[in-house]
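What follows is one structure encoded as structure tokens, with my remarks underneath.
The values are calculated or read from the model by the stated rules, or taken from the named source; none is laboratory data. Because the structure is predicted, anything quoted here is derived from the model rather than measured. With ideal geometry, Cβ positions are generated from the backbone for all residues, glycine too; neighbour counts draw on all protein chains shown.
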Amino acid sequence: MNRLMVAATEGIRSVNGRYYDYGSSANVIYIASGGSDDWSYGGEGIIPSFTIEAYGTSFTPPVSNILPVAREIWAGLKALCNEI
């Protein structure tokens, strides 16, 4: 899982130079339960279960941030899939 997250964060960084932390969501972001990663791992047994927290400090980002952040996340997901 670490190797996959390194690939994803490198893919993200390749777009705008922004670095995303990686690790368990409880350690990197905040403690939360009931997310899709909980369901994937606990309910379905999918071992590589990830949470990606998009850049920003609000759940309602300025419109000007939406496309740049979406491009970063897309690049990270493609890099993660290529690593798999």
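Below is a table of values for the structure above.
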quantity	calculated
The one condition in (1) within 23 Å of residue 2 (Cβ to Cβ); (2) surrounded by 10 or more Cβ atoms within 10 Å (Cβ to Cβ); (3) not basic (Lys, Arg) that residue 44 fails to fulfil	(2)
Cβ-Cβ under 6 Å pairs, at least 6 apart or on other chains, segment 3-30 side under 20 Å from residue 66 (Cβ atoms) and touching a residue at least 40 places away in the same chain (Cβ under 8 Å), far side of a type in the set (Val, Ile, Thr) and surrounded by 12 or more Cβ atoms within 10 Å (Cβ to Cβ)	20/9; 20/12
Residues of segment 61-84 satisfying the condition of being outside any helix (DSSP H, G or I) and among the hydrophobic types (A, V, I, L, M, F, W, C)	84
Checklist (1) part of a loop (DSSP other than H, G, I, E, B); (2) touching an Asp or Glu at 6+ places or on another chain (Cβ under 6 Å) applied to residue 15, failing item	(1)
Cβ-Cβ under 7 Å pairs, at least 6 apart or on other chains, segment 63-78 side within 13 Å of residue 20 (Cβ to Cβ), far side among the hydroxyl-bearing types (Ser, Thr, Tyr)	69/55; 72/55; 75/14; 76/9
Out of 58, 40, 49, sole residue that is outside any helix (DSSP H, G or I) and farther than 20 Å from residue 19 by Cβ	49
Selection count where residues are within 24 Å of residue 3 (Cα to Cα) and within 15 Å of the chain's Cα centre (by Cα), scope segment 47-81	21
Breaking point among (1) at pLDDT 80 or above; (2) in contact with a Gly (Cβ under 9 Å, 6 or more places away or on another chain); (3) not aromatic (Phe, Trp, Tyr), for residue 18	(2)
Residues located in segment 50-75, provided they are modelled with pLDDT of 95 or more and among the small types (Gly, Ala, Ser)	75
Sole exception among (1) on the phi > 0 side of the Ramachandran plot; (2) touching a residue at least 12 places away in the same chain (Cβ under 8 Å) for residue 49, by number	(1)
